[in-house]
Amino acid sequence: MRIKLINPNTTQRMTESMGRCAREVASPGTEIVAVSPTMGPPSIEGYYDEAIASLGMLAEVEAGEREGFDGYVIACFGDPALYAARELARGPVIGIAEAAMHAASVIAPGFSVVTTLARTCGMAWHLAERYGMTRFCMNVRATDVAVLDLDVPGSAARSIIIDECRRALDEDGSDAIVLGCAGMAEFCHEVEDAIGAPVVEGVTAAVKWAEALIALKLHTSKRGDFARPLAKRYDGVLADYSPRDAAAHIHRK
Ligand code: 2AL
């Protein structure tokens, strides 16, 4: 099976790191192709970044349909344009926040999300609400580490994250941690060893979920809200994003 892992930001070293983490957990016979769009923000740290990044991400899904991928992982913790991606895709599309929160809700009665900048905490709460996870999500905590500072060699990012995770376990009544950024994927085991509680990281959780759904031969339902977008011509610079007619799309595959 072939899974396209899309990092919606344009920072290639983050994409490569996510690809490595994904391949570590992927089953033999699963091919992970990790990509980022060629246009868009280098990091996603707010609603505007997210809205703009969504265009390049959706273009990667549309290209992925032509390339014959079986499923997709949207590897940014805001799950940008997840439902729009489902309109385009035939196979399953999994967001990393969605995957991580669901996994955490199964292995612990409550979890805390430990994320990057404080301005992204509201986004994580909105996602918890959307996914019915507010019963399980005890808190969303910021570290004030910017996305692109996560992997700067010699930076204090890892120890800041570990300290915040310990505080979350002590103060929130949580029994597991969800890491709130795809750029934290490579820290997962280190954080888990340091805090002695389960740490769920969405890139790997989403890969395993996508594999499971693909193995079950489950596709995204095209009956209702996730049907292909209606064919129409978009104006101006977005003309290239005009949804094609569904029949033409099937014919091209
Ligand atoms: C993220 C993420 O996962 N990727 C990115 O660019 N920003 N999330 C976050 N909370 O900052």
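The values are calculated or read from the model by the stated rules, or taken from the named source; none is laboratory data. What you are looking at is a predicted structure, and each value in this text was computed from that prediction instead of being measured. Cβ sites come from the backbone with ideal geometry, for glycine too, and all protein chains shown count toward neighbours. Please note that ligands, DNA and RNA were not included when accessible areas were found on the heavy atoms of the full protein model with its side chains. Shrake-Rupley method; radii C 1.70, N 1.55, O 1.52, S 1.80 Å.
Here's how it looks for A142: its modeled amide H is under 5 Å from those of T115, which are all 5 or more places away or on a different chain.
Dividing the radius of gyration of the alpha carbons in the range 97-201 by their Kirkwood radius gives 0.93 for Rg/Rh. Model label sites at R66 and Q12, defined 7 Å from Cα along the beta-carbon direction, differ in position by 2.2 nm.
Are there GluC sites (Glu not before Pro) in the range 1-95 that DSSP puts in a loop and that have at most 15 other Cβ atoms within 10 Å, and which ones?
Here no GluC sites (Glu not before Pro) fit, given the DSSP loop and packing criteria.
Comparing V237, V113, V200 in a Gaussian network model of the chain where C-alpha atoms under 10 Å apart are linked, the largest mean-square fluctuation is found at V237.
Accessible surface for the chain, divided over its residues, is 45 Å² per residue with a 1.4 Å probe. Using the Karplus relation 6.51 cos²θ - 1.76 cosθ + 1.60 with θ = phi - 60°, the per-residue 3J(HN,Hα) values for the range 193-206 come to 4, 6, 9, x, 9, x, 10, 9, 10, x, 4, 5, 4, 5 Hz, with x marking Gly and Pro.
Compactness of the range 12-154, taken as the C-alpha radius of gyration over 2.2 N^0.38 Å, stands at 1.06. Note on the chain: with a GNM built from Cα contacts shorter than 10 Å, the maximum mean-square fluctuation among A124, A34, A231 falls on A231. For V73, nonlocal amide neighbours, meaning residues 5 or more places apart or on other chains whose placed amide H falls under 5 Å from its own, are K4, L5, I6, I94. Applied to the range 53-61, the Karplus parametrisation 6.51 cos²θ - 1.76 cosθ + 1.60 on θ = phi - 60° returns per-residue 3J(HN,Hα) values of 4, 4, 5, x, 5, 5, 4, 5, 5 Hz, with x for Gly and Pro. Phi angles across the range 71-81 convert, under the Karplus curve 6.51 cos²θ - 1.76 cosθ + 1.60 with θ = phi - 60°, into 3J(HN,Hα) values of x, 9, 10, 9, 9, 9, 5, x, 6, x, 6 Hz, Gly and Pro given as x.
If you model the chain as an ellipsoid using its alpha carbon gyration tensor, with each semi-axis the square root of five times an eigenvalue, the axes come out at 31, 19, 17 Å, biggest first. How many nm separate the modelled label positions at Y48 and A215, each set 7 Å beyond the Cα in the direction of the Cβ? Placing both labels 7 Å along Cα→Cβ, they lie 4.4 nm apart. A Gaussian network model of the chain, with springs between Cα atoms under 10 Å, assigns the largest mean-square fluctuation among M101, M57, M133 to M133.
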